[in-house]
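The values are calculated or read from the model by the stated rules, or taken from the named source; none is laboratory data. These numbers were taken from a predicted model, which means no experiment stands behind them. As a convention, Cβ positions derive from the backbone with ideal geometry for all residues, glycine included, and neighbour counts pool all protein chains shown.
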Amino acid sequence: MRKNTKAIRRKSIFSAVRVILLVMTLLVVGLLLLVSTVGGRFGTAHQLTLDFIGPLQSGVTRTVSGLSSIKDDYIALWNIRAENKRLHVLVDKYLKELGEYREGYSTYLYLEKILEFKNKSKFELISARVVGKEPTYWYQTIIVDRGKKDDILEGMIALAPGGVVGQVIHVGEHYSKILLANAPSSAIDALIQKNRTRGILKGVGEKGYVLNYVLKNAEVSVGDQIVTAGIGGVFPAGVPLGRVSKILKKRRGMFQEIEVQPYIDFQKLEFVLIDPTDRQKILYSMGLSSKR
Amino acid sequence: MLFFLFWLLGVGLIVFQTALFQFLPQSIGRPDFIFILIAFAAYRFAWIPGIVLAFSLGWIMDVVGGIHLGFYPLMCLLSFTALKILTTKSPVKESTYQIPLVGLSYFLVQMLFYFLYSLALPEELPEWVWGEALQRTVLVVISAIPLFLLFNSFYEIIQKRRSRVKPLRRRSR
């Protein structure tokens, strides 16, 4: 009996506690709800809740965004392959076109330079396209597409915007051969522009020129300009030939060895200008009259 | 322990619902997972932990997504109380009725809150559209099926662990 009574008491106490707890919970909840609803202010509790949930949301959003971008990238890869192929074809096409444009522009610049030189010249120059080259050391020659038909004669000089190219040595009906000024068999009367010291400019192939017969006491320095002397009537005076690049003064001998760097890049010649004015002189010296 | 784990689950659902659903298209709607959890709590939880769970989760939802503070916890509390009263010592508690009851209560809660809003803030109230309200309800009902399965298994796993731990404690005494 006592045990039963105790159990009933315990039960009633327990249920009372539960009811109290429930009432307290309801009170707290109601109070919070009232404060939240009626006050309408975003208070500390709200802020704490937001600070608690915010990082979780941020983490999930970032993860999902990351996964989504990985998925998108993966899907995009499928399309990229086809796109890549298409673009490669386009790139090849455009590169080819670009090459053509560059070539065209380069030619334009070159021709513009030649035209400018031609316009500056006091005499009428005949332009000729280089159609062949003989690059061996001993025969530094080029073939141009002008010949007898264009009034080209042997002995005429060929020029370029940079200076002397060479001299016409063989003339065909439509084509001519020009001995380049840097050929070992070529020799031009030249002088150092700044002090008018004369010498003979000999060709040394790819190395350019060597100015011979300049006395040791002559004042020469690297960078001095070398021009044609105009002696002999082949080349007019003052046409640029090159620039002094090296000076050697040996103990023995009267002369110094002067290396000259040509202004013209003989490897890149595409057009030359042939000076026809000397034709009259040549014909005259040859005792022939020009009836043309 | 049971309360705490379900509270964590609720927090996870809130995060899931608020962070993940933004990537879904608006047209398909967004089911209210917290309402489903509260309905589950009404079926399975006692009054005190149920009220605390409903209020705290409603509070968080209110902070995360509410415009007028207090409405969401109030809705959660009312839903919990209504379902708890309805299911206590009633055949409606049976699993057969649980899911339809969730849908019905959700629909009624929507109507109730529309009514309350129309009294308190009529100027901010959008037009009541039966189709949309029904669509939302259907979505909740459809979502409630897998979620109830999940909650039930979660609940049973925790209960089993508790029942295993209790005898061990008694023996150790």
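Quick look at the values:
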{"item": "Test: residue in region B:52-64 that is without any contact (Cβ under 8 Å) to a residue 24 or more places away in the chain, within 18 Å of B:VAL141 (Cα to Cα), within 14 Å of another protein chain (Cβ to nearest Cβ) and touching a helix residue (DSSP H, G or I) at 6+ places or on another chain (Cβ under 9 Å)", "result": "no"}
{"item": "B:TYR97 vs. criteria surrounded by fewer than 18 Cβ atoms within 10 Å (Cβ to Cβ), at pLDDT 75 or above and among the hydroxyl-bearing types (Ser, Thr, Tyr)", "result": "yes"}
{"item": "Residue check for A:LEU27: in contact with a Gly (Cβ under 8 Å, 6 or more places away or on another chain), farther than 23 Å from B:PHE21 by Cα, in a helix (DSSP H, G or I) and not charged (D, E, K, R)", "result": "no"}
{"item": "Residue match in region A:122-139 (condition: at pLDDT below 80, under 29 Å from the mean Cα position of the chain (by Cα) and of a type in the set (Phe, Trp, Tyr))", "result": "no"}
{"item": "Residue in region A:235-250 that is surrounded by fewer than 20 Cβ atoms within 10 Å (Cβ to Cβ) and aromatic (Phe, Trp, Tyr) present", "result": "no"}
{"item": "Selected residue (only one of B:LEU101, B:LEU134, B:LEU77, B:LEU112 is part of a helix (DSSP H, G or I) and under 20 Å from A:THR25 (Cβ atoms))", "result": "B:LEU77"}
{"item": "Residue identified as among the polar types (S, T, N, Q), under 19 Å from B:SER79 (Cβ atoms) and modelled with pLDDT under 90 among B:GLN17, B:GLN26, B:GLN22", "result": "B:GLN17"}
{"item": "B:ALA82 being modelled with pLDDT of 90 or more and either more than 25 Å from A:ARG18 (Cα to Cα) or away from every other protein chain (no Cβ under 14 Å) (or both)", "result": "no"}
{"item": "Failed item in (1) away from every other protein chain (no Cβ under 14 Å); (2) closer than 27 Å to A:SER36 by Cα; (3) assigned to a helix (DSSP H, G or I), with B:TYR72 passing the rest", "result": "(1)"}
{"item": "Matching strands (runs of 3 or more DSSP E) fully within region A:169-215 where at least 3 residues are under 20 Å from A:ARG243 (Cβ atoms)", "result": "A:187-192, A:197-203, A:209-215"}
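Listed here are the residues, each with its yes/no results for (1) under 22 Å from B:PHE55 (Cβ atoms); (2) of a type in the set (Lys, Arg).
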| site | (1), (2) |
| --- | --- |
| B:LEU83 | yes, no |
| B:LEU86 | yes, no |
| B:LYS89 | no, yes |
| B:SER105 | yes, no |
| B:LEU116 | yes, no |
| B:THR137 | no, no |
| B:ILE142 | no, no |
